[in-house]
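To keep things clear, I will list the structure first and then write my remarks on it.
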């Protein structure tokens, strides 16, 4: 007996909202619970956050390290292997956005304000607290600090986004499935993705996204506050930070309300242009030759230490350096991956897998390295020359690093204001595109939903960020991403296998179809020839018979005669 | 590996027939080519795909039908009907499960310079054989669409100013020498106005075109290309390079596109250029000659 499986439409109307009720209410419940618990147990929250982070880093750190390396191998195979020419959306699909707009949007969504915040702070922190070369030559320590900042903000992170982005894009546009995380697991789970298993995947994705975004907003808000202090003398305090969160949330709400083709695109374009302007100013006004020289040297040094750093797990040292650096970053990238991946998938129709990988994996990495070489590299050079202003700034508050860095430049005030605009724009882009993605997942993969539904998620992100800042500050935010990212890392490894198996299956099916069409055509042609031959034979036989008959008839006449 | 013979010398050409309506089109086009190229020997070849016919063999045997003989006679008839050229021709009928391997082996064995295959559109081909052949063959590959015309007076050669594309120009020059046709070089460019919104696009186009003109002149000098090649540049906007080439070829009423596949050694033959690959997949409207570099 055969069983007919019917795919149910996961979304339904509820009070005018188009939502998958299970996912929507589960997420709302988790948000309310986490926010309430943090508010109620504010004093103990820090303690438990610290225990949680230590536990996950100590026992799950190796899973992160292994996973991110698997992602790179996977992405390179997809980019240069036999599936590289497959086009997202089918052979005839055309890109929805121009190459420039596409790159601007994916880069803005993916990098957030990490580029601005950590390009100076990270090398300085790792120079002051080096992971491995304690007591050695300061120049070597500085180089290793830059190498590690390349590791934390480079190809590994973009490989995580690429895995999610490509998987979702493929299953959404090539297999016509809903744009939700569960779709990427179809080859592994089959129709179970439409049941509770799929709901769990989507709930995990949304929660991870919400906390990942909240962390970014938390960091960004601190930096905006510091900028306002530097430029306008506004005090740096929790009160002002909450106000900034509200302002960002309001801007993100407006942008999310207007949709992908308006607000999000305009802000993404603004990000890239302002970032390009700041970079060009720093390049011209700063040590131009040094920046270009160090870019080459840094990439070389990073590549030569690549495997060693990528697989380093601190296993022969009893230090805990990785806990707050590498592991936290992997958790953060992973916690951002459902959101950035979904967003990238949404805008990547019409690109080939090779194009996708070059623009999502390689190009952003090279741009990031250039930025880090200009900001972090110049900072390292100044520190080695004896300038300790940035060491003091980072020790005091990492959010101030960018503004202290600009102090040395002519027209510092212009650069500081531009920096402030860039951070605000980056954070707002993250918050609004995050709201769009969460909305898409909780609506069961719908690409169009009521505008006010997106507003709910823009507000929710802002509230979580504000409450976590109030409950435990940046440590709480970092701990949350480290913990929430781990189960997702395992899901992402499964996603690689799922995507590979899906693409392989489709590719083989396509090849078989082509082969069958050709075989069928060939068989038909041969059968036509054979039929012709048969007709020819029967015609010849008929002729022979007629000849035989006509040669017999005169004889019988004679006999009769 | 043997050095590739220039296309204005005496060539051995092999034409792959497949028993479809494409065969007469191919044969007639080859007859036209014999008036342009100096062809020493022409081979028509067909491979009987045994694996497709396994289930039918029992019937054939019981009826005493020799399928290879039937196929051979049919091809002889089609050739006799459509080929009136003076270049000696020979029909080869083989029987193998893998047509692409068989064609590759035959091409090697007979020192073939150009392999000609049909590139079906209206006749619903899948293009799978061409994709495999371009990677496996040592010889040049000429793909003929089903509505091709018997003219060769305008040849389009896309260029990225690389050594590979210079090889295509050499081939185009040899053909044009014989056909008396003209060659037009095409380069597609784009201006990244998205990231630099404040630059004057008009001015940027002018500057780019000046730069491209200079570049093409240097390219001509470096690879000793004839001076009468006209050079055209197209802003590809949001189209892919292959789409731009296809559109330009159609608009300009060209009769052939010549591109270069990358090297043909064991390693690089697996990777043909992405534009060439795109053209191979997309273009079903114009003869496409894919030049294999030595």
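Residue count for the stretch A:415-459, restricted to those that are more than 21 Å from the chain's Cα centre (by Cα) and in a helix (DSSP H, G or I): 13. If you check A:419, A:434 for being modelled with pLDDT of 85 or more and buried (at least 18 other Cβ atoms within 10 Å of the Cβ), only one passes: A:419. On inspection, residue A:348 qualifies as on the phi < 0 side of the Ramachandran plot, crowded, with 22+ Cβ neighbours inside 10 Å, modelled with pLDDT of 90 or more and in contact with a helix residue (DSSP H, G or I) (Cβ under 8 Å, 6 or more places away or on another chain).
Rundown of residues vs (1) under 17 Å from the mean Cα position of the chain (by Cα); (2) within 14 Å of chain A (Cβ to nearest Cβ); (3) surrounded by fewer than 18 Cβ atoms within 10 Å (Cβ to Cβ); (4) at pLDDT below 80, yes/no style:
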position: B:197; (1), (2), (3), (4): no, yes, yes, yes
position: B:200; (1), (2), (3), (4): no, no, yes, yes
position: B:217; (1), (2), (3), (4): no, no, yes, no
position: B:266; (1), (2), (3), (4): no, no, yes, yes
position: B:285; (1), (2), (3), (4): yes, no, yes, yes
position: B:289; (1), (2), (3), (4): yes, no, no, no
position: B:294; (1), (2), (3), (4): yes, no, yes, yes
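Taking the numbered list (1) assigned to a loop (DSSP other than H, G, I, E, B); (2) modelled with pLDDT of 80 or more; (3) surrounded by fewer than 18 Cβ atoms within 10 Å (Cβ to Cβ) in turn, residue B:237 passes all entries but (2).
Mind telling me which of the residues A:33, A:37 ends up being assigned to a helix (DSSP H, G or I), within 24 Å of residue A:203 (Cα to Cα) and over 29 Å from the mean Cα position of the chain (by Cα)? Even if it seems obvious, please write down each step before you answer.
Working: A:33 fails: over 29 Å from the mean Cα position of the chain (by Cα).
Only one candidate qualifies: A:37.
Here the condition is being in a helix (DSSP H, G or I), within 14 Å of chain B (Cβ to nearest Cβ) and surrounded by 14 or more Cβ atoms within 10 Å (Cβ to Cβ); of A:535, A:518, A:508, it holds for A:518 alone. Do we have any residue at all in the stretch A:394-405 that's within 20 Å of the chain's Cα centre (by Cα) and either surrounded by 21 or more Cβ atoms within 10 Å (Cβ to Cβ) or farther than 22 Å from residue A:372 by Cβ (or both)? So far as the stretch A:394-405 goes, no, none of its residues is within 20 Å of the chain's Cα centre (by Cα) and either surrounded by 21 or more Cβ atoms within 10 Å (Cβ to Cβ) or farther than 22 Å from residue A:372 by Cβ (or both).
Yes/no per residue for (1) more than 25 Å from the chain's Cα centre (by Cα); (2) away from chain B (no Cβ under 14 Å); (3) surrounded by 15 or more Cβ atoms within 10 Å (Cβ to Cβ); (4) farther than 23 Å from residue A:149 by Cα:
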position: A:267; (1), (2), (3), (4): no, yes, yes, yes
position: A:270; (1), (2), (3), (4): no, no, yes, yes
position: A:273; (1), (2), (3), (4): no, no, yes, yes
position: A:282; (1), (2), (3), (4): yes, yes, yes, no
position: A:294; (1), (2), (3), (4): yes, yes, yes, no
position: A:299; (1), (2), (3), (4): no, yes, yes, no
position: A:302; (1), (2), (3), (4): no, yes, yes, no
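Applying the criterion of being farther than 23 Å from residue B:172 by Cβ and more than 14 Å from every other protein chain (Cβ to nearest Cβ) to the residues of the stretch B:29-56, the residue that is surrounded by the fewest Cβ atoms within 10 Å (Cβ to Cβ) is B:41. Taken over the stretch B:7-27, the criterion of being more than 14 Å from every other protein chain (Cβ to nearest Cβ) and either out of contact with any helix residue (DSSP H, G or I) (no Cβ under 7 Å at 6 or more places or on another chain) or buried (at least 18 other Cβ atoms within 10 Å of the Cβ) (or both) is satisfied by B:7, B:9, B:10, B:11, B:12, B:13, B:14, B:15, B:25, B:26, B:27.
Report yes if some residue within the stretch A:246-265 is modelled with pLDDT under 80, within 14 Å of another protein chain (Cβ to nearest Cβ) and either touching a strand residue (DSSP E or B) at 6+ places or on another chain (Cβ under 6 Å) or part of a helix (DSSP H, G or I) (or both); otherwise report no. The answer is yes, given that some residue of the stretch A:246-265 is modelled with pLDDT under 80, within 14 Å of another protein chain (Cβ to nearest Cβ) and either touching a strand residue (DSSP E or B) at 6+ places or on another chain (Cβ under 6 Å) or part of a helix (DSSP H, G or I) (or both).
Residue-by-condition table, conditions (1) part of a loop (DSSP other than H, G, I, E, B); (2) more than 16 Å from residue B:81 (Cβ to Cβ):
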site	(1), (2)
B:8	yes, yes
B:14	no, yes
B:18	yes, yes
B:24	no, no
B:37	yes, yes
B:58	no, yes
B:61	no, yes
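When residues of the stretch B:93-109 are filtered for being surrounded by fewer than 17 Cβ atoms within 10 Å (Cβ to Cβ) and either over 19 Å from residue A:518 (Cα atoms) or without any contact (Cβ under 8 Å) to a residue 12 or more places away in the chain (or both), how many remain? Of the residues in the stretch B:93-109, 4 are surrounded by fewer than 17 Cβ atoms within 10 Å (Cβ to Cβ) and either over 19 Å from residue A:518 (Cα atoms) or without any contact (Cβ under 8 Å) to a residue 12 or more places away in the chain (or both). Can you find a residue that is in a loop (DSSP other than H, G, I, E, B), within 14 Å of chain B (Cβ to nearest Cβ) and within 20 Å of residue A:496 (Cβ to Cβ) anywhere in the stretch A:343-361? Within the stretch A:343-361 (the criterion being in a loop (DSSP other than H, G, I, E, B), within 14 Å of chain B (Cβ to nearest Cβ) and within 20 Å of residue A:496 (Cβ to Cβ)), the answer is yes, since at least one residue qualifies.
So that you can scan it fast, the table gives a plain yes or no per residue for (1) within 30 Å of residue A:314 (Cα to Cα); (2) at pLDDT 90 or above; (3) surrounded by fewer than 24 Cβ atoms within 10 Å (Cβ to Cβ):
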residue: A:76; (1), (2), (3): yes, yes, yes
residue: A:81; (1), (2), (3): no, no, yes
residue: A:84; (1), (2), (3): no, no, yes
residue: A:96; (1), (2), (3): no, no, yes
residue: A:103; (1), (2), (3): no, no, yes
residue: A:113; (1), (2), (3): yes, no, no
residue: A:141; (1), (2), (3): yes, yes, yes
residue: A:148; (1), (2), (3): yes, yes, no
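If the condition is being surrounded by fewer than 18 Cβ atoms within 10 Å (Cβ to Cβ), touching a helix residue (DSSP H, G or I) at 6+ places or on another chain (Cβ under 8 Å) and over 24 Å from residue A:111 (Cα atoms), then the stretch A:359-390 contributes A:381, A:382, A:384, A:389.
The values are calculated or read from the model by the stated rules, or taken from the named source; none is laboratory data. As the structure is a computational prediction, the values presented were derived from the model and not from experiment. FYI the Cβ positions are ideal-geometry reconstructions off the backbone, even for glycines, and counts take in every protein chain you see.
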